[in-house]
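Input: a single structure, listed below in structure tokens.
The values are calculated or read from the model by the stated rules, or taken from the named source; none is laboratory data. None of these values were measured; they are calculated from a predicted model. All Cβ positions, even for glycine, are placed from backbone atoms using ideal geometry, and neighbour counts span all protein chains on display.
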Amino acid sequence: MTETASTLDVTRRRSARRVPVALMLIALSVAVAALRLAPSPVRAVTGAVTIKDFRYTPPETRVKVGDAVTWSNMEAKKQSHTVIQDDGAFSSDGNRKNDPDAEIKPGSSYTIVFDKDNATYPYHCRLHAYMKGKVIVGKGSPPGAAPPPPSTEEPEPDPTPQVGPQLPPWFPPLPGKSLPVRTGRVVANAQPAAAQPPYEPTELPQGVSGPGTLGDGTRLARYTTDKDGVKEFHLRMAPVTWTTSPGNTQTAYAFNGTIPGPVIRVNEGDRLRIVVTNALPVPTSVHWHGMILPNDQDGVPGITQPLIQPGGVYTYTWTAVATGTHWYHTHTSGKDEGLGLYGPLEIVPHQGDFPADRDYRVMIGDTNLGLVLNGREFPYTYPLKAKVGERVHIRLIDTGDQVHPIHLHGFPFQLVARDGIRLAVPEWMDTTLIGTGQTLDLIWQPMSPGNWLLHCHIFAHSHDESGMIGLVTALEVAPADGPVPGVPQLPALPTPKAVPDYGAPPVTLPPSGTTLLPSLPAAAVQPQSGGLLGGNENAVLIGVGLLLAFRLGGRFGNPRRGR
């Protein structure tokens with residue numbers, strides 16, 4: 001009995017422990033079933049808009065609330081774009097107008113999440129107003145409805161700090177690194193960010209007209225002279241909207257609103273005071289390339305001077321000593337220089353400049369603005385005008401990252417100076433190689449009228465399937481007003497006679513019974529050599545004899561052993 005009671009107690013205790021376990025398993029099964037039967041949440045999808053060939057594709061994108069839309073710049077060239085909502089709900093540049101760092105560059109993208117249902121968002125490109133698109137969320141805004149309110153989210157931090165580093169990075173980004181992806185969010189009850197006032201250039205736009213223009217897309221820098229005889233120049237570095245060719249507009253950086261910057265042209269020995277104002281969103285400096293001056297005026301931030309911060313002013317003072325063709329440019333980054341921060345600097349020596357009837361400067365760019373001459377790409381470069389017999393002085397300046405073989409059609413030119421230093425003996429050529437940072441002075445005297453090309457002879461820099469592009473301009477040479485001393489009068493070529501079609505000449509057969517060969521004197525038909533070997537019989541016989549003597553001498557003079 002005792003053993004039986006103990007067994008029953010153990011059984012009861014085991015059963016009591018199994019009940020909670022069973023209840024837990026039942027609850028777990030019910031929970032799993034409920035989860036399986038519950039509807040799955042809908043994942044947010046991303047609408048894709050491609051920016052290419054100066055259009056948004058597709059122009060209309062439909063999404064649901066909570067979905068995202070990504071705009072990707074797929075332009076082949078270095079063409080930036082923006083995505084600006086017409087009513088201020090969102091903007092890819094954070095309303096930072098004229099800031100290249102805020103634009104959507106090729107290979108980069110911009111993403112927005114739409115949290116307001118039943119809304120319509122028309123948008124455009126700030127740089128190319130004709131580019132338009134639309135995002136429709138849900139059913140879209142009903143006809144006549146007020147536009148959706150702008151974003152309440154705080155603007156993103158500016159990727160370009162107003163107070164920059166003391167020195168730019170020594171090394172460029174590693175190849176293969178993707179460009180940053182900027183993101184944002186559109187929600188209700190927002191206030192638009194304060195828009196930056198548009199920049200008004202201090203010079204005439206694009207530098208093509210007005211007093212002081214030089215016929216090549218540049219203009220002279222203005223200056224004043226104080227009581228001590230010091231010439232004072234003012235340079236303002238600021239963003240501009242720049243067009244290198246129709247349909248190719250972007251935010252650039254410029255001195256006094258022009259690319260290249262104004263031509264600083266002074267005399268040897270002039271004392272200069274150059275006041276630089278930085279209206280850029282980035283720190284900067286100015287280097288006077290090729291000048292001989294005090295070290296603290298050389299314009300290298302962190303080494304010879306502090307950075308000129310945005311909104312700051314810096315004054316350079318030095319005396320013009322190094323004569324010839326030189327240039328000035330920012331010395332903080334290749335990107336800032338490639339966006340247009342460069343200009344000609346010409347120091348006229350005491351004995352005078354090279355005598356010339358025309359004086360042009362051509363600054364080569366091959367980075368951020370594309371392949372440009374004086375800020376434009378062909379066929380929208382500035383033609384250089386001349387007349388037959390005139391001496392044309394061309395100042396070549398390579399501001400870019402590449403070496404360029406520059407070829408001039410029509411007649412050879414003389415290379416008379418390199419980096420502002422006159423050559424002891426000028427060199428005649430029709431193609432010259434210019435390295436990055438170099439300046440070359442050419443003298444060209446056209447001999448006949450016409451449109452003669454000046455271009456880089458790297459085909460990728462001057463040609464594509466449509467024809468001439470990029471680093472090309474034309475020298476438009478008009479006829480001379482009269483005879484020019486030293487220039488030969490080139491007569492017009494005579495009109496060539498008509499060339500008969502190629503074919504076998506007609507053959508006139510002799511009368512029947514006669515030979516086809518004409519009758520010639522006996523002496524005429526004898527071999528002129530006097531033999532079948534063309535007159536060389538004696539030489540052949542002598543050679544055969546020497547060969548036999550050599551063979552026989554080798555056989556009997558040195559008999560082989562064992563024979």
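Selection of the range 256-269 for residues being buried (at least 18 other Cβ atoms within 10 Å of the Cβ) and either free of Cβ contacts under 8 Å to residues at least 12 places away in the same chain or not in a strand (DSSP E or B) (or both) yields N256, G257, I259, P260, G261, P262.
R361 falls short of the stated requirement of being modelled with pLDDT under 95 and charged (D, E, K, R).
Of all the criteria given as (1) modelled with pLDDT of 95 or more; (2) more than 18 Å from P260 (Cβ to Cβ), the one not satisfied by G302 is (1). Of the strands (runs of 3 or more DSSP E) contained entirely in the range 326-409, those carrying at least 3 residues that are over 27 Å from V484 (Cβ atoms), touching a residue at least 24 places away in the same chain (Cβ under 8 Å) and out of contact with any helix residue (DSSP H, G or I) (no Cβ under 9 Å at 6 or more places or on another chain) fall at 342-348. Here N267 meets each of (1) more than 25 Å from V372 (Cα to Cα); (2) under 25 Å from the mean Cα position of the chain (by Cα); (3) polar (S, T, N, Q) with one exception, condition (2). Restricting attention to the range 73-111, the residues being within 15 Å of V240 (Cα to Cα), of a type in the set (D, E, K, R) and touching a Leu at 6+ places or on another chain (Cβ under 8 Å) number 1.
Criterion first (assigned to a loop (DSSP other than H, G, I, E, B) and more than 25 Å from A417 (Cβ to Cβ)) does L280 satisfy it? Walk me through it before giving the result.
On the way: assigned to a loop (DSSP other than H, G, I, E, B): yes; more than 25 Å from A417 (Cβ to Cβ): yes.
Here the answer is yes, as L280 does meet what is asked.
Looking at L453, is it under 25 Å from L369 (Cα atoms), aliphatic (A, V, I, L, M) and more than 21 Å from the chain's Cα centre (by Cα)?
Values: under 25 Å from L369 (Cα atoms): yes; aliphatic (A, V, I, L, M): yes; more than 21 Å from the chain's Cα centre (by Cα): no.
The answer is no for L453.
State all residues of the range 296-320 that are in contact (Cβ under 8 Å) with a residue 12 or more places away in the chain and either of a type in the set (F, W, Y) or surrounded by 18 or more Cβ atoms within 10 Å (Cβ to Cβ) (or both); if no residue qualifies, say none. Passing the criteria: Q297, G299, P301, Q305, L307, I308, P310, Y314, Y316, W318, A320. Quick one: is T61 of a type in the set (V, I, T), buried (at least 18 other Cβ atoms within 10 Å of the Cβ) and closer than 28 Å to D117 by Cβ? Against the criterion (of a type in the set (V, I, T), buried (at least 18 other Cβ atoms within 10 Å of the Cβ) and closer than 28 Å to D117 by Cβ), T61 qualifies.
Conditions (1) within 28 Å of the chain's Cα centre (by Cα); (2) at pLDDT below 85; (3) crowded, with 18+ Cβ neighbours inside 10 Å, marked per residue:
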| position | (1), (2), (3) |
| --- | --- |
| S91 | yes, no, yes |
| N98 | yes, yes, yes |
| F114 | no, no, yes |
| Y130 | yes, yes, no |
| G138 | no, no, no |
| P142 | no, yes, no |
| E154 | no, yes, no |
| T160 | yes, yes, no |
| P165 | yes, yes, no |
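Restricting attention to the range 363-375, the residues being more than 19 Å from Y328 (Cα to Cα) and not hydrophobic (A, V, I, L, M, F, W, C) number 1. Restricting attention to the range 217-255 and to residues that are in contact with a Pro (Cβ under 9 Å, 6 or more places away or on another chain) and not in a strand (DSSP E or B), the residue that is surrounded by the fewest Cβ atoms within 10 Å (Cβ to Cβ) turns out to be R222. Is at least one residue of the range 457-466 modelled with pLDDT of 95 or more and either in the same structural domain as D398 (by TED's automatic domain parsing) or loosely packed, with under 15 Cβ neighbours inside 10 Å (or both)? The answer is yes, given that some residue of the range 457-466 is modelled with pLDDT of 95 or more and either in the same structural domain as D398 (by TED's automatic domain parsing) or loosely packed, with under 15 Cβ neighbours inside 10 Å (or both).
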